[in-house]
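Q: What follows is a structure written as structure tokens; I'll ask about it next.
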Amino acid sequence: MNHLESTFTGKNSFWRYIVMIVAVLIASNTIGALPLLVALVIKSLSNPDVFSLLATNPNDYSVLGLNPNTLLVLMLFPFIAGLAAFVLLIKPLNNRTLKTTINGTSKIRWNRFFISALVWLLLSAAYFFIYLKIDPSNFKLNNKTTSLILLSLISLLLIPFQAAFEEVIFRGYLMQGFASILKNRWFPLIMTSIFFGLMHAFNPEVKEYGFLTMIPQYIVFGLIFGIITLMDDGIEASMGAHTANNVFLCIMVTNKSSALQTPALYEQYHISPWTEFTALVVTGIVFILILKVVFKWNDFSILYKKISVHKQNQMV
């Protein structure tokens, strides 16, 4: 095993993790937000009310009057800035590298990424088209223009950075950090899943349907991605699934409360959060079992095994 064990070859003082997270948040919300801020300032020159409109609904960027594909690029840029900040700081702060954060080694297993992405994509497509067949009145064809091609290109090029940023931070960096505290696997799994859920607390769908309704979905997402990270000893599979999930949603289906408002192929009128929650749990279980067979994982006992630590490798 390498992913969590490699943590102890680096520097793990608590303050280092605090500095990293704060620095990444600052980078994503300053440098990363600059393009969107420039667009906001330009729009305010012709419409001074734009600031008050955004203050009323901070998640409604449609007031900027931007092309939806352009807006998607601007909304994804903060994740790229945050990931870049992490890459620059991981060596001086924790004496580790991006690759060791990914799987504890010096090699990225891209086959894991693409196989996992394909499996999640097929499961998502199957669920969506079954839902579409059962309840067709809940969907409308939203986009039949060539803008869908541009949306697909943007999604395929930039969504991987957004997904990689979240996976590197949660299933990579923080999971390794929590492992250094209690030296087991279940504690990092639970903590990173909870924090992953809470990170999405300000998403528009949480405001629409309620904290206690939506946050469990994000926590379950975190548990699914966390389990495959521990089973596969690295985050490549979770990055692949996360990327496939977000690319599929961006291109195929949108709704009024979606965090990423895209000119997707379909628009869904009504969301049933607990139906979606149940489907996620079932999909997650099937997904994990499929990957267990494909990647030839051992039994699930690895999830609660203690981490073996070589004291001579520990640093502060």
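The values are calculated or read from the model by the stated rules, or taken from the named source; none is laboratory data. Since the structure is predicted, the reported quantities are computational estimates derived from the model, not experimental observations. Ideal geometry is used to build each Cβ from the backbone, glycine not excepted, and the neighbour counts take in all protein chains shown.
Q: Out of everything in segment 1-26 that is modelled with pLDDT under 95 and among the hydrophobic types (A, V, I, L, M, F, W, C), what residue ends up being surrounded by the fewest Cβ atoms within 10 Å (Cβ to Cβ)?
A: The qualifying residue surrounded by the fewest Cβ atoms within 10 Å (Cβ to Cβ) is F14.
Q: Follow-up. Between F196, F178, F187, F225, which is hydrophobic (A, V, I, L, M, F, W, C), under 24 Å from W15 (Cα atoms) and within 12 Å of the chain's Cα centre (by Cα)?
A: The match here is F196.
Q: Of I149, I115, I194, which residue is out of contact with any Ser or Thr (no Cβ under 8 Å at 6 or more places or on another chain), among the aliphatic types (A, V, I, L, M) and over 30 Å from T7 (Cβ atoms)?
A: Just one listed residue meets the conditions, I149.
Q: Right, something else. Take the residues in segment 225-279 that are without any contact (Cβ under 8 Å) to a residue 60 or more places away in the chain and crowded, with 24+ Cβ neighbours inside 10 Å, then tell me which one is nearest to L189 (Cα to Cα).
A: For segment 225-279, the residue satisfying everything is G226.
Q: Just to confirm my filter: which helices (runs of 4 or more DSSP H) fall fully inside segment 206-305 and include at least 2 residues that are under 21 Å from W110 (Cβ atoms) and of a type outside the set (A, V, I, L, M, F, W, C)?
A: 211-232, 236-252
Q: If you don't mind, there's one more thing I want to ask. Does L121 count as hydrophobic (A, V, I, L, M, F, W, C), surrounded by 17 or more Cβ atoms within 10 Å (Cβ to Cβ) and at negative phi? Walk me through how you get there before you give the answer.
A: Values: hydrophobic (A, V, I, L, M, F, W, C): yes; surrounded by 17 or more Cβ atoms within 10 Å (Cβ to Cβ): yes; at negative phi: yes.
Yes: the conditions hold for L121.
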